[in-house]
């Protein structure tokens with residue numbers, strides 16, 4: 001079975017589910033600065049289902065990066081519930097969260113953090129290498145993901161060759 005069939009089967013299964021892929025309920029996040037507490041996120045409710053496209057926008061300092069860090073399991077909420085595929089993230093230890101990130105998330109950071117000497121496909125393959133995915137399977141999946149994002153014509157381009 002090729003990777004494209006696997007992706008489509010997974011996608012169809014997830015879309016038919018009423019359960020959100022990512023689900024935040026009353027999520028808040030605060031930070032201490034000296035003796036003062038700053039509440040960055042206040043009672044956020046958000047449900048994202050498979051196949052949905054979501055844009056997080058806001059003014060500088062409004063909590064966008066904090067929310068993205070929580071969504072990507074890089075940080076924990078101070079209060080509330082965050083579930084990925086129905087699993088509460090608060091109950092996961094660091095190893096389980098790392099596995100969740102490895103298996104379910106892809107990040108493109110503001111500063112990119114791409115390896116300049118690798119082409120787009122090889123950069124996208126890196127997490128799958130650490131996950132132990134077979135070379136052919138990870139190569140096919142990387143190509144499929146880039147094509148799905150509209151970058152199919154840039155598979156062999158290095159980061160400096162892409163805008």
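Within segment 98-121, being part of a helix (DSSP H, G or I) and at pLDDT below 90 holds for 98, 99, 100, 101, 102, 103, 104. Check residue 134 against each of (1) closer than 26 Å to residue 49 by Cα; (2) loosely packed, with under 13 Cβ neighbours inside 10 Å; (3) at pLDDT 90 or above; (4) over 17 Å from the mean Cα position of the chain (by Cα) and name the one condition it does not meet. With respect to (1) closer than 26 Å to residue 49 by Cα; (2) loosely packed, with under 13 Cβ neighbours inside 10 Å; (3) at pLDDT 90 or above; (4) over 17 Å from the mean Cα position of the chain (by Cα), residue 134 is out only on (1). No other residue among 54, 27 is loosely packed, with under 14 Cβ neighbours inside 10 Å, within 22 Å of residue 104 (Cα to Cα), in contact with a strand residue (DSSP E or B) (Cβ under 6 Å, 6 or more places away or on another chain) and outside the structural domain of residue 149 (by TED's automatic domain parsing) apart from 54. Considering each residue of segment 8-23 in turn, at least one proves to be modelled with pLDDT of 95 or more, out of contact with any helix residue (DSSP H, G or I) (no Cβ under 8 Å at 6 or more places or on another chain) and surrounded by 11 or more Cβ atoms within 10 Å (Cβ to Cβ). Selection of segment 24-34 for residues being part of a loop (DSSP other than H, G, I, E, B) and either at pLDDT below 80 or under 18 Å from the mean Cα position of the chain (by Cα) (or both) yields an empty set. Condition check for residue 89 on (1) at pLDDT below 90; (2) touching a helix residue (DSSP H, G or I) at 6+ places or on another chain (Cβ under 8 Å); (3) within 19 Å of residue 49 (Cα to Cα); (4) surrounded by 13 or more Cβ atoms within 10 Å (Cβ to Cβ): one failure, at (1). Taking segment 137-160 as the range and being assigned to a loop (DSSP other than H, G, I, E, B) and under 19 Å from the mean Cα position of the chain (by Cα) as the test, the residues that pass are 149, 150, 151. Screening segment 57-80 for residues that are touching a helix residue (DSSP H, G or I) at 6+ places or on another chain (Cβ under 6 Å) and under 16 Å from residue 43 (Cβ atoms) and picking the one that is surrounded by the most Cβ atoms within 10 Å (Cβ to Cβ) gives 77. Residue 123 falls short on exactly one of the conditions (1) touching a strand residue (DSSP E or B) at 6+ places or on another chain (Cβ under 7 Å); (2) buried (at least 17 other Cβ atoms within 10 Å of the Cβ), and that condition is (1). Listed by first and then second residue, the pairs linking a residue in segment 91-111 that is under 16 Å from residue 126 (Cβ atoms) to a residue that is at pLDDT 90 or above and loosely packed, with under 13 Cβ neighbours inside 10 Å, with Cβ atoms under 9 Å apart and 6 or more places separating them unless they lie on different chains, form an empty list.
The values are calculated or read from the model by the stated rules, or taken from the named source; none is laboratory data. Bear in mind the structure is a predicted one, so any value in this text is a computation, not a measurement. So basically every Cβ, Gly included, is an ideal-geometry build from the backbone, and we count neighbours across all protein chains shown.
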